[in-house]
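Comments concern the structure below.
The values are calculated or read from the model by the stated rules, or taken from the named source; none is laboratory data. Just so it is clear, the model here is predicted, and its values are computed rather than measured. A quick note on method: Cβ atoms are made from the backbone with ideal geometry, for glycine too, and the neighbour counts reach across all protein chains shown. Each accessible area value is taken on the protein alone, full model and side chains, heavy atoms only, with ligands, DNA and RNA left out. Shrake-Rupley method; radii C 1.70, N 1.55, O 1.52, S 1.80 Å.
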Amino acid sequence: HCLAVRAVCRREIDCDRGNGYSWKITLLRNYWKSKVKQEWLSGKYSNILSQHSLPEKSMYPMDVDTWGEILEAELER
């Protein structure tokens, strides 16, 4: 699980590990973020007409760099 989360959230995982968090805490802090981020990056929400069309678990607190990655992926589609 840690490697799968790191594949999507490398910056976040490396930052948490650099701040001394254990792998268990790092995984707990980033697991759902990686799931939501991967769905956004894969284009799952590219053609959503309104916020009411988004699934309940489509949002998660993410930093500006993460949203930048998502925007770049959208612009490339």
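Taking the Cα centre of segment 10-77 as origin and charging only Cβ (+1 Lys, Arg; -1 Asp, Glu), how large is the dipole, in debye to the nearest 20?
360 debye
Kindly write out, for segment 67-77 in residue order, the coupling ³J(HN,Hα) from the Karplus curve 6.51 cos²θ - 1.76 cosθ + 1.60 (θ = phi - 60°), rounded to whole Hz, with x marking Gly and Pro.
Couplings: 5, x, 4, 5, 4, 4, 4, 5, 5, 7, 6 Hz.
Using a cut-off of 17 Å between alpha-carbon atoms, which lysines can reach LYS57, once sequence neighbours fewer than 8 places away in the same chain are excluded?
List returned: LYS33, LYS35, LYS37, LYS44.
Can you tell me the accessible area per residue over the chain, all protein chains present, probe 1.4 angstrom, in square angstrom? Each step should come with its number before you reach the end.
Numbers: 5520 Å² over 77 residues.
Heavy-atom SASA per residue in the chain reads 72 Å².
Mind listing the long-range amide H neighbours of CYS9? Cut-off is under 5 Å, sequence gap 5 or more, other chains count too, H placed in the peptide plane at 1.01 Å from N.
none
If you plug each phi of segment 13-24 into the Karplus form 6.51 cos²θ - 1.76 cosθ + 1.60 with θ = phi - 60°, what whole-Hz ³J(HN,Hα) values come out, in order, with x for Gly and Pro?
5, 4, 5, 4, 5, x, 8, x, 5, 5, 4, 4
Over the chain, what relative contact order in percent results from Cα pairs under 8 Å that are six or more residues apart?
Numbers: 45 pairs, mean separation 22.2, N = 77.
Averaging sequence separation for qualifying contacts and normalising by length gives 29 percent for the chain.
Please list 3J(HN,Hα) in residue order for segment 28-41, calculated via the Karplus relation 6.51 cos²θ - 1.76 cosθ + 1.60 where θ = phi - 60°; whole Hz, with x for glycine and proline.
Working through the residues one at a time gives 4, 6, 10, 4, 5, 4, 5, 5, 5, 4, 4, 5, 5, 5 Hz.
Once the dipole of the chain is set up with Lys and Arg at +1 and Asp and Glu at -1 on Cβ about the Cα centre, which of SER50, LEU75, MET62 lies farthest towards its positive end?
Among SER50, LEU75, MET62, the one farthest towards the positive end of the dipole of the chain is MET62.
Counting helices only, and only those DSSP H runs with n ≥ 4, report the 222 nm mean residue ellipticity of the chain as the sum of -39,500 (n - 2.57) divided by its residues, in deg cm²/dmol to the nearest 500.
Working: 4 runs with 48 residues, N = 77.
Theoretical 222 nm ellipticity from helices: -19500 deg cm²/dmol.
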